[in-house]
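Structure first, then comments.
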């Protein structure tokens, strides 16, 4: 029992030291990350308003270079797995939108230069809806969508 407490203390000390070193080196800057949070986009109540707040436009072009992988049937809408891949060049961001959610924008990832166009996450859905993957590349918005049917409500359902 005493050895287990010692191990826990040592693990915590090493983790705290690593985080402190990263913050000191400027690798972790939570204020900078939170400052860029697109609050208006995540609070928007329509797809167009969310995209306007996020990307400055809601003009999307369907593209076969954007693929969305999601289940046909989401048995538990609180954790619906979604994978987005894209072969477009100069990808700036990948966002996931659920058009019938109260707040349609469920996730948005800003990607750095030269990063592979791939995102894998889990989202929450209110009811059966289209899940839309929006990839911003070269200043334009490209999309793909898939309908996911929901059996157990997740967002207030």
inquiry  = How much length would be gained if the chain were fully extended between residue 39 and residue 130, taking 0.36 nm per residue of separation minus their Cα-Cα distance, in nm to one decimal?
reply    = 30.5 nm
query = Over region 39-150, what is the relative contact order in whole percent, taking alpha-carbon pairs under 8 Å and six or more residues apart?
reply = 32 percent
request  = Note the per residue figure in Å³ for the convex hull of the C-alpha positions in region 95-135.
outcome  = 63 Å³
message = Could you give me D for region 39-157, from Stokes-Einstein at 20 °C and 1.002 mPa s, where the hydrodynamic radius is the Kirkwood radius over C-alpha pairs? Units µm² s⁻¹, please.
response = 152 µm²/s
query = Considering the zone a paramagnetic label at residue 120 would reach in this model (a point 7 Å from Cα along the Cα-to-Cβ line), which residues of region 45-84 have amide N under 16 Å from it?
reply = 67-71, 80-84
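Bear in mind these aren't lab numbers, they're just calculated from the coordinates by the rules spelled out. The model shown is predicted, which means the values in this text are computed figures rather than measured ones. Cβ: placed from backbone, ideal geometry, glycine included. Neighbour counts: every protein chain shown.
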